[in-house]
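Okay, handing you the structure first.
The values are calculated or read from the model by the stated rules, or taken from the named source; none is laboratory data. For clarity, every value in this text was computed on a predicted model and none was experimentally measured. We place every Cβ from the backbone using ideal geometry, glycine too, and count neighbours over all the protein chains shown. With ligands, DNA and RNA removed, areas are computed over all heavy atoms of the protein, side chains included. Shrake-Rupley method; radii C 1.70, N 1.55, O 1.52, S 1.80 Å.
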Amino acid sequence: MKRLFLYVQFLILTTFANATGQESDIIFIDGAKWELLGRPICADSTLYYNLKAVLPKERSISTANWDGFTAFWSITQDKLYLDSIRCIYYDSHLNVYVGKRIPTDTLRHVFRKYVDENRILASWLTQDVRVASGKVIYYQHLGFERNYEEEKILRVNQGKIIGQNVFHNFVVEGFSFDRRGPDFQAKLKKMFPLHIERYQELADVKRIVFSIKRASVDAEGNLVECKLKAFKPEVDNRLAEEMTALMKAYKPWRALYINGEFRAYGIEGYTFPYVIDKQN
């Protein structure tokens, strides 16, 4: 019953934490500093609960760090080690935030089952770990939903690194629907000049709404696939087909190359209005 309670509490905490962008842990690989996009300690809910019990209550907790701590990791001889944990405090005398590390003895007591030659080996962990460095090229205000120029996916089995994939991510700049400005409608009509006069049912319609259900792009910013729907009001499928053809003829579209594939961020899943100019 106690383990069930701990598990439910852990799920609640992680659900709230993922509702906003979270600060990363830190990992050192061959002396270089990387961001660890995740919380390996949270892979074991009981371990996570035991750690929270010894963390100072006065530590600073924010929407960007619901746990109130940052863990520091390193890899030695293909083994993942937890080196330290730091919390942030507000010093009322200096009127500044300062960082303090949790005492080593305290950490070793919490992680006593995982101490290996005086170091904490993450042997509770068997899952992929994503690490990153460089500039952020994609960001979503949700958990660790962001991507960097350089990323590695480390395959971890009981704390041992058994493989990795290395990625060099980049952006192909171009048009996308997540970057709308005050001249958005004028730009739409110039890029996608629909022949509204072909559709008698639009005689009294002031605008039409399009929804992009599926889209894919290539390395040159071509829209190679697009599934579009026109609605509000419902109109002949020919209008959606015409818009699809115009969109595929246009380039470049904004494309993100992330972890081995091109993604149509800012395109797929977007809905946009097309205002009808009755003078045309």
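Would you work out if segment 109-192 is rounded, prolate or oblate? Take a ≥ b ≥ c from the square roots of the eigenvalues of the alpha-carbon gyration tensor; rounded if a/c is under 1.5, else prolate when a/b is larger than b/c, oblate otherwise. Can you show the working numbers first?
Values: a/c = 4.74, a/b = 3.17, b/c = 1.49.
Taking the square roots of the gyration eigenvalues as a ≥ b ≥ c, segment 109-192 is prolate.
Follow-up. State, as an integer percentage, the relative contact order of segment 213-267 based on alpha-carbon contacts under 8 Å between residues 6 or more apart.
Working: 78 pairs, mean separation 21.3, N = 55.
Computed over segment 213-267, the figure is 39 percent.
Could you tell me which label, among [x] 1.12; [y] 0.96; [z] 1.06, carries the value of Rg/Rh (Cα atoms, Kirkwood Rh) calculated for this structure?
Read-out taken from this structure: [x].
Taking amide H positions as placed 1.01 Å from N in the peptide plane, with prolines and chain starts having none, which residues 5 or more places from Gly269, or on another chain, fall under 5 Å of its amide H?
Ile212, Lys213, Arg214
Output the relative contact order of the chain, whole-number percent, from Cα pairs under 8 angstrom with separation of 6+ residues.
Details: 529 pairs, mean separation 41.1, N = 280.
Across the chain, relative contact order equals 15 percent.
In a Gaussian network model over the chain where Cα atoms closer than 10 Å are linked, find which of Arg254, Arg180, Arg39 has the largest mean-square fluctuation.
Arg180
How large a share of the accessible area of segment 148-229, in percent, is made up of carbon and sulfur atoms when the probe is 1.4 Å and the other protein chains stay in place?
Here it works out to 48 percent.
For the chain, what does -39500 (n - 2.57) per DSSP helix run (n ≥ 4), summed and divided by total residues, give at 222 nm, in deg cm²/dmol to the nearest 500? Before the final figure, lay out the partial values.
Working: 5 runs with 54 residues, N = 280.
Calculated mean residue ellipticity at 222 nm is -6000 deg cm²/dmol.
Same structure again: ³J(HN,Hα) across segment 187-202 via Karplus (A = 6.51, B = -1.76, C = 1.60, θ = phi - 60°), whole Hz, x for Gly/Pro?
Each residue of segment 187-202 in turn: 5, 4, 5, 6, 7, 10, x, 5, 8, 4, 4, 6, 10, 4, 5, 9 Hz.
For the chain, what does the accessible surface come to per residue with a 1.4 Å probe? Please give it in Å². Intermediate results must be reported in sequence, preceding the final value.
Details: 15840 Å² over 280 residues.
With all protein chains present, the chain gives 57 Å² per residue.
Separate question: Give me, ordered by chain and number, the residues 5 or more places off Trp73 or on other chains with an amide H under 5 Å from its own placed amide H.
Counting only residues 5 or more places away or on other chains, the set is Ile26, Ile27, Phe28, Asp83.
In what order, largest first, do Ile27, Ile61 sit by accessible area if the probe radius is 1.4 Å? List each step's numbers first, then the result.
On the way: Ile27 0, Ile61 85 Å².
Heavy-atom accessible area, descending, gives Ile61, Ile27.
Among 240-246, 119-125, what's the highest-first ranking by average C-beta atoms within 10 angstrom per residue?
Working: 240-246: 17.1, 119-125: 19.3.
The peptides rank, most packed first, as 119-125, 240-246.
What net charge is computed for the residues neighbouring Glu268, neighbours being all others with C-beta under 10 Å from the C-beta of Glu268, Lys and Arg scored +1, Asp and Glu -1?
Charge balance in the 10 Å sphere: +3.
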